[in-house]
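Novice: Sharing a structure, written as structure tokens. Questions coming.
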Amino acid sequence: MTEVHDWDDEDDGGWVPVVDTAPSPPRTRPSPPPIGFRCDRCSTVVPTGMAECPRCLSPVGPPRRGAGRPGGVLRLVFRGGGRHLDVPRGSEIRLGRDDGWAPEASEFLADEDTVSGRHATVLHTSDGAAWLTEVPQGATNGTRVNDRVLAPGSRVRLSNGDRVELGPEVDFEVRGIGEEPEEAAP
């Protein structure tokens, strides 16, 4: 409580104590501008203005103009080390250790003993859908999508955020699939 004195003309010209019952407003400093925000996927601080998390390469911030339209890229973000593969619309990528069969993926899967030489393919159709197919002869350690085992030669449609396991030690997350087309690709 703060004691305030006021001049009183009727009491010999002296000071009369007046009690202030209103609390003082709290002192606040202006907040500093934000330097970034936390990635929803891995909690890394992402500096303001970046479109991807520097650690897990997940897209961040509001949806970018043109996302989900022709020309978009499907990104397979592998766990650990910031490795990823991009699959443009209308193309297919092979996943495995055999550098002749899977040239893009074999660059960083070559030392992964639990991944077959010819393991699986990912097709990113021109309408934006994505499909994963385990090779018909089967992969030695199998393929799983969100903990569901994929049968050799069968395919499954992928969605944003799906986790794909190539054997027990290698996995990736699917990013960048646009709006779901109404009809499934053949």
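Novice: Accessible area, 1.4 Å probe, largest first: how do 27, 148, 155, 75 sort?
Specialist: Numbers: 27 235, 148 140, 155 90, 75 40 Å².
Per-residue accessible area, sorted high to low, gives 27, 148, 155, 75.
Novice: Expressed as cubic angstrom per residue, what is the convex hull volume of the alpha carbon set of segment 75-118? Present the calculation step by step, with values, prior to reporting the outcome.
Specialist: Values: hull volume 3.0 nm³, N = 44.
In segment 75-118, the Cα hull volume divided by residue count equals 68 Å³.
The values are calculated or read from the model by the stated rules, or taken from the named source; none is laboratory data. Predicted, not measured: the structure shown is a model, and the values here were computed from it. Ligands, DNA and RNA are excluded from the accessible area calculation, which covers all protein heavy atoms including side chains. Shrake-Rupley method; radii C 1.70, N 1.55, O 1.52, S 1.80 Å.
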